[in-house]
Structures are given as C-alpha cells and as structure tokens.
1. When region 199-219 is examined, which residues are found to be in a loop (DSSP other than H, G, I, E, B) and open to solvent by less than 60 Å² (accessible area, probe 1.4 Å)?
2. I'd like the full set of residues that are touching a strand residue (DSSP E or B) at 6+ places or on another chain (Cβ under 7 Å), more than 17 Å from Pro272 (Cβ to Cβ) and open to solvent by 50 Å² or more (accessible area, probe 1.4 Å), limited to region 226-253.
3. Taking only region 233-249 into account, find how many residues are part of a loop (DSSP other than H, G, I, E, B) and touching a helix residue (DSSP H, G or I) at 6+ places or on another chain (Cβ under 8 Å).
4. List every residue pair whose Cβ atoms sit under 9 Å apart, with the two residues 6 or more apart in sequence or on different chains, where the first one lies in region 17-28 and is among the hydroxyl-bearing types (Ser, Thr, Tyr) and the second, anywhere, is open to solvent by less than 20 Å² (accessible area, probe 1.4 Å) and in a loop (DSSP other than H, G, I, E, B).
5. Name the pairs: first residue in region 304-318 and in contact (Cβ under 8 Å) with a residue 12 or more places away in the chain and closer than 9 Å to Ala214 by Cβ, second residue part of a helix (DSSP H, G or I) and open to solvent by less than 50 Å² (accessible area, probe 1.4 Å), Cβ to Cβ under 8 Å, at least 6 apart or on different chains?
6. Look at region 182-198 and say how many of its residues are farther than 20 Å from Pro287 by Cα, part of a loop (DSSP other than H, G, I, E, B) and open to solvent by 30 Å² or more (accessible area, probe 1.4 Å).
7. State whether the residues of region 1-9 include one that is over 28 Å from Glu267 (Cβ atoms) and out of contact with any Lys or Arg (no Cβ under 6 Å at 6 or more places or on another chain).
8. Inspect all residues belonging to region 61-69 and state whether any of them is within 24 Å of Gln134 (Cα to Cα) and open to solvent by 50 Å² or more (accessible area, probe 1.4 Å).
Amino acid sequence: MNVLWLQSGGCGGCTMSLLCADTPNLMATLADGGIELLWHPSLSEASGADVIALLEDCAAGRQRLDVLCVEGALLRGPKGTGRFHMLAGTGRPMIDWVQSLAARAHHTVAVGTCAAYGGVTAAAFNPTDACGLQYDGDTSGGLLGADYRSGSGLPVINIAGCPTHPGWVIDTLLALAMDEVSADSLDAIGRPRFYADHLVHHGCSRNEFYEFKASAEKPSDLGCLMEHMGCKGTQAHADCNLRPWNGQGSCTNGGYACISCTEPGFEEPGHPFSQTPKVGGIPIGLPTDMPKAWFVALAALSKSATPKRVRENATADHTVVTPAIRKTGRK
C-alpha cells in the first residue's frame with residue numbers, strides 16, 4: 001500500500017508527533033506492514049521537479065495512489081481561489097492538488113483536527129477561509145463536499161487530534177493496509193472508532209478525585225480538573241489515558257486540563273481553556289451521557305462522603321495524606 005502525504009495550512013505538529021511514536025523505527029514499522037511512503041514533505045529526500053512529476057503521475061492515474069494523507073487545514077481564500085497557499089513550483093493552489101489527488105485515492109485520510117474539521121487554523125474570523133477535507137467545523141462539507149467518497153467507497157477518515165497521537169496514525173494506516181477499515185469502523189464524524197469510542201476520562205489518573213468531586217483549585221493541585229480548571233475529559237473522544245503518549249504522558253497526567261482537541265470546534269470554546277464555565281455553580285460541560293439532575297445529585301452525595309485523604313490531597317501539589325493501612329487477612 002502506498003501513501004502520499006501532503007501538508008497544508010497547519011503547524012506540522014502531527015508529523016512531529018508521529019516521529020515520537022513508541023516504535024524505535026517508524027519507517028521500518030510501516031515497511032513491515034506493507035506500507036510504502038511515496039512522499040512526505042518532511043521525511044522524504046525527493047524535492048522539486050521529482051516531486052511535481054510524482055504528484056502529476058498520481059493525479060493522472062499513472063501512479064497508483066492507495067492512501068492520500070493530508071495534514072493541516074485547507075485554505076480556500078481569497079474568495080475561493082485557494083491562492084493563499086500555492087504549492088511551490090507548480091503554480092497551482094494546494095486545494096486544487098488535493099481535489100485532484102482525492103479523486104484518484106483509494107482512501108483519503110485527514111491527519112489531525114485541522115485537516116479533519118478546520119481546527120486552530122480556522123479559528124476566529126478565519127481570514128484564509130480554512131476548512132477541513134470533508135467538514136467545516138461540525139458541518140459536513142468542507143473542501144471535498146459532504147458526498148465525497150474515495151475509491152474504497154469510504155468518506156474521509158478523520159484521525160482527529162491536535163496533535164494526533166502517533167499510535168492513532170500508525171494503527172489506521174496498518175488497518176488500511178490489511179483492508180480492515182469499513183464504514184462501521186468510523187464514528188458519526190469520521191473518526192476511527194478504535195480510539196474515538198473511548199473518552200479521555202477513561203483511565204485518567206485523577207479518577208478517584210473525580211468520583212468524590214474533590215477538585216483542584218489551581219494548576220499544581222492533584223485533584224480533578226473538571227469543576228474549576230476547564231477539563232473536558234468526560235466529553236472528549238480519545239484514549240489518551242489508556243495508551244499514554246510516549247508510554248506515560250497525557251494532558252491530565254501532566255497537570256493540564258483536557259481541551260477536547262479531537263472534537264470539531266475545540267479551538268473556540270467561548271471561554272479560557274483553563275476555566276470551567278458554570279451556571280448556578282454547576283459546570284456547563286457535563287459528562288456526555290449523564291443527565292444534569294443525576295450529576296448534581298451524585299456530586300452532592302460524593303462530596304458528602306469524600307475521605308479526608310482525598311479532600312486534602314486534591315488541593316495539594318503532592319500527596320499530603322497517604323492511604324490508611326488495613327489488615328486484609330480473614331479471621
């Protein structure tokens with residue numbers, strides 16, 4: 001399976017993340033899975049006329065194109081011309097190349113939330129008219145249109161994340177190489193379900209504090225980050241705490257709130273990322289599948305039963321009270 005990777009309007013962070021994959025040799029891992037990287041702007045040696053010839057061959061059908069990966073948002077401005085982003089040496093806007101290549105690709109993959117939904121590049125008043133491959137925020141459409149289907153019959157596969165977890169990219173490419181991706185493999189907004197069917201909350205190291213609603217009050221505190229610090233881990237679809245980054249890291253493990261970067265529109269929450277907006281003292285962003293009344297009742301009950309150890313540790317930057325020692329043997 002061959003893969004062509006293009007970078008459009010973005011920071012290149014998803015490629016940098018991919019280079020931090022746990023595998024000691026990324027290229028060998030792809031090769032072992034039967035994946036050939038035709039070209040990548042940061043990882044390949046070819047440049048100039050050689051690359052242009054390759055792109056022309058792919059667009060014309062002379063070179064088989066199994067997977068088109070696009071990283072970064074698609075810049076449609078000014079006024080739909082795409083001339084804010086011209087592909088060097090070709091005289092053509094990047095969006096023209098993407099449209100031509102997507103028409104030939106057996107699979108089309110959006111790598112990162114920018115390519116999937118517009119992301120940070122499409123924030124604020126969006127002067128470049130940036131969008132995702134098949135979404136503009138949470139609205140279906142984007143550059144390729146809501147009805148676009150690749151040669152496989154699938155819509156764009158959205159490996160959302162800002163940046164993406166390297167494992168999400170590698171696992172998706174390997175699944176495509178083994179022909180194990182179907183419409184049922186994707187969720188309602190095109191994300192691979194192997195990671196999007198989880199919540200960041202799952203496996204979070206702060207879950208005991210969450211259960212007792214023992215909340216952090218400042219960035220260095222150990223407690224749950226949901227009530228005051230803006231954490232959206234109970235709403236964000238990803239397995240960040242089940243397969244930690246680089247073997248042990250995640251936003252919440254590092255003391256920072258989950259900003260829900262795998263979701264459309266995460267870049268403009270309407271409030272500071274590190275603050276939780278509330279109405280009547282109740283957080284607006286509640287767990288995705290819990291009725292508000294249930295959450296309020298559970299929170300009140302949990303807080304009334306919070307052990308001293310959990311309550312005091314929640315607002316400290318290190319463990320102040322250690323767990324009690326109990327004899328476990330039966331008499």
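The values are calculated or read from the model by the stated rules, or taken from the named source; none is laboratory data. Computed from a prediction, not measured in an experiment: that's the story for all the values here. Note that we place each Cβ from the backbone using ideal geometry, even for glycine, and neighbour counts take in every protein chain shown. What goes into the accessible areas is simple: the full protein's heavy atoms, side chains included, and nothing from ligands, DNA or RNA. Shrake-Rupley method; radii C 1.70, N 1.55, O 1.52, S 1.80 Å.
1. At the first step, the residues of region 199-219 found to be in a loop (DSSP other than H, G, I, E, B) are 200-206, 212-214, 216-219.
Within region 199-219, Val200, His201, Gly203, Cys204, Arg206, Phe212, Lys213, Ala214, Ala216 meet the criteria.
2. His237
3. 5
4. Ser17/Gly112; Ser17/Gly161; Ser17/Thr164; Ser17/His165
5. What qualifies is Val310/Phe209; Asn313/Phe209; Ala314/Phe209.
6. Matching residues across region 182-198 total 1.
7. Yes: region 1-9 contains one or more residues that are over 28 Å from Glu267 (Cβ atoms) and out of contact with any Lys or Arg (no Cβ under 6 Å at 6 or more places or on another chain).
8. Let us first name the residues in region 61-69 that are within 24 Å of Gln134 (Cα to Cα), namely 61, 64-69.
From what's left, open to solvent by 50 Å² or more (accessible area, probe 1.4 Å): 64.
Checked against the condition, which is being within 24 Å of Gln134 (Cα to Cα) and open to solvent by 50 Å² or more (accessible area, probe 1.4 Å), region 61-69 yields at least one hit.
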